[in-house]
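**Q** I have a structure here, written as structure tokens, and I will follow up with some questions on it.
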Amino acid sequence: MAPVDELLQAQLQLARWTVAARRLVIFTGAGISTESGIPDFRGPQGVWTQLDPRQFDFQAYLADPELRRQRWQVYRDGGLGANAQPNAAHFAVAELVQLGLVDCVITQNVDGLHARAGVPEDRLLEIHGSNRFAKCLSCWKRYPREETLRWESDPAAGVPLCPACGGLMKSGGVSFGEPMPPDETREAIRRARAADLFLVIGSSLVVYPAAALPGYAVERGARLVIVNLSPTPLDHLAALVVRAKAGEFLPGVVAAVKQLRGAA
Ligand code: NAD
């Protein structure tokens, strides 16, 4: 972790760049939600240290009713996020959006915590889907999570069937080997390319294609800032790398932004 005065300098620097930016895009990963008690995948307490990756495999979900039954139960019990609360980092991001300083928030997270912290839908791109809803794997209709919890599971399928078409239901988060939502993905690439400041928060930047987004931004001349506890493969491209907990670092950035704007 960086010494305190280094962090203060970094907060001020990022605040200056934020105020000056024409298009700030914020890109978040599992690390922004660890302070809400949701484990990331690759940190020391990460999910991979405890769970079999097959649990998150899309082909296995399609093939195996027992796995579907288990995954639906996890979803019913809260899965990633439904029982968690946004933390100081989510609220700081939401405040920057509310101050009119953010073009959009692109998240790899499926926990829905950005929306719950107050980032409006039209500023949020959940490129790995979201557990805020469940989806039909045949007609792709989405249903709010609360609604699907009232549904009975089909005994043979292990999960409820879509009321519109009878297809298999699945939580809205994208599994391994499952296609990413095409509209959100296309829009995320467009926004990344148009950014002049691209802020990464809590991502190991090893999960592709999402991890390509900072590179698209830098290629078009954006300044890259990375706030992450551990090194990433793109640190060498960044104008600023901050090794701090997002929930401890970002509120100071918001405070500095407000001071700068007040002084202007
Ligand atoms: P990752 O697990 O690969 O990396 C998380 C990174 O965040 C790590 O490098 C870690 O050092 C850092 N980190 C952890 N806590 C932090 C904190 N408090 N402040 C700053 N940095 C912190 O996560 P990823 O890059 O998002 O890729 C994982 C994939 O798994 C994504 O596709 C994501 O959708 C999914 N996932 C989502 C959730 C969620 O929705 N909350 C949780 C686990 C995994």
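**Q** Under the 0.36 nm per residue contour assumption, what length would be gained going from the current alpha-carbon distance of Glu187 and Glu6 to full extension? Walk me through the numbers before you get to the answer.
**A** Numbers: separation 181, 0.36 × 181 = 65.16 nm, distance 3.51 nm.
Contour length minus the Cα-Cα distance gives 61.7 nm.
**Q** While we're looking at this one, here's another question. Identify all lysines with a Cα-Cα distance to Lys245 below 22 Å; exclude those on the same chain that are fewer than 8 residues away in sequence.
**A** Hits, sequence-local ones excluded: Lys258.
**Q** Taking amide hydrogens as modeled 1.01 Å from N in the peptide plane, which residues meet the under 5 Å criterion relative to Phe41, leaving out close sequence neighbours?
**A** Val47
**Q** Run the quick spin-label model on His236 and Glu121: label points 7 Å from Cα toward the beta carbon, then report their separation in nm to one decimal.
**A** 4.3 nm
**Q** Right, another one. Testing the spin-label approximation: label points 7 Å from Cα along Cα→Cβ at Val74 and Cys139. State their distance in nm.
**A** 2.8 nm
**Q** Also: Expressed as a whole number of Å, what is the distance separating the alpha-carbon centroids of the stretch 203-264 and the stretch 117-139?
**A** 23 Å
**Q** Note down the nm distance, to one decimal, between modelled labels 7 Å out along Cα→Cβ at Phe176 and at Asp154.
**A** 2.7 nm
**Q** At 1.4 Å probe size, what's the solvent-accessible area of Ser204? Round to the nearest 10 Å².
**A** 40 Å²
**Q** Which of the listed residues, Ala92, Val74, Gln108, is farthest toward the dipole's positive end in the stretch 60-114, when Lys, Arg count +1 and Asp, Glu count -1 at the beta-carbon?
**A** Checked the options; the winner is Val74.
**Q** Hey, another quick one. What accessible surface, in Å², does a 1.4 Å probe find on Asp154, ignoring ligands, DNA and RNA and rounding to the nearest 10?
**A** 50 Å²
**Q** State the percent of C-alpha pairs, over all pairs in the chain, separated by a distance greater than 27 angstrom. Show your work: numbers first, answer last.
**A** On the way: 13134 of 34716 pairs.
Above the 27 Å cut-off, the chain has 38 percent of its Cα pairs.
**Q** If you keep only loop residues by DSSP, which trypsin sites (Lys or Arg not before Pro) in the stretch 16-123 have at most 13 other Cβ atoms within 10 Å of their Cβ? Walk me through the intermediate numbers first.
**A** Details: sites: Arg16, Arg22, Arg23, Arg42, Arg54, Arg68, Arg69, Arg71, Arg76, Arg116, Arg123; in loops: Arg22, Arg23, Arg42.
In loop regions of the stretch 16-123 (DSSP not H, G, I, E or B), the sparsely surrounded trypsin sites (Lys or Arg not before Pro) are Arg22.
**Q** Also, I was wondering about something else. Hey, in the chain, which Cys have no second cysteine's beta-carbon closer than 4.7 Å?
**A** Cys with no partner Cβ under 4.7 Å: Cys104.
**Q** Give me the lysines in straight-line cross-link reach of Lys141: C-alpha distance below 19 Å, same-chain residues under 8 apart excluded.
**A** Leaving aside lysines fewer than 8 places away in the same chain, those within reach of Lys141 are Lys170.
**Q** A further question follows. In the stretch 120-214, with Lys and Arg counted as +1 and Asp and Glu as -1 at Cβ, which of these residues, Phe133, Ala188, Gly202, has the Cα nearest the positive end of the dipole, that is, farthest along it?
**A** So the residue we want is Ala188.
**Q** Counting only the heavy atoms of the protein chains, how much of Ser138 is accessible to a 1.4 Å probe, in Å² to the nearest 10?
**A** 80 Å²
The values are calculated or read from the model by the stated rules, or taken from the named source; none is laboratory data. Since the structure is predicted, the reported quantities are computational estimates derived from the model, not experimental observations. Quick reminder, even Gly has a Cβ in these numbers, built from the backbone with ideal geometry, and neighbours come from all protein chains shown. Surface areas here come from the heavy atoms of the whole protein model, side chains and all, with no ligands, DNA or RNA. Shrake-Rupley method; radii C 1.70, N 1.55, O 1.52, S 1.80 Å.
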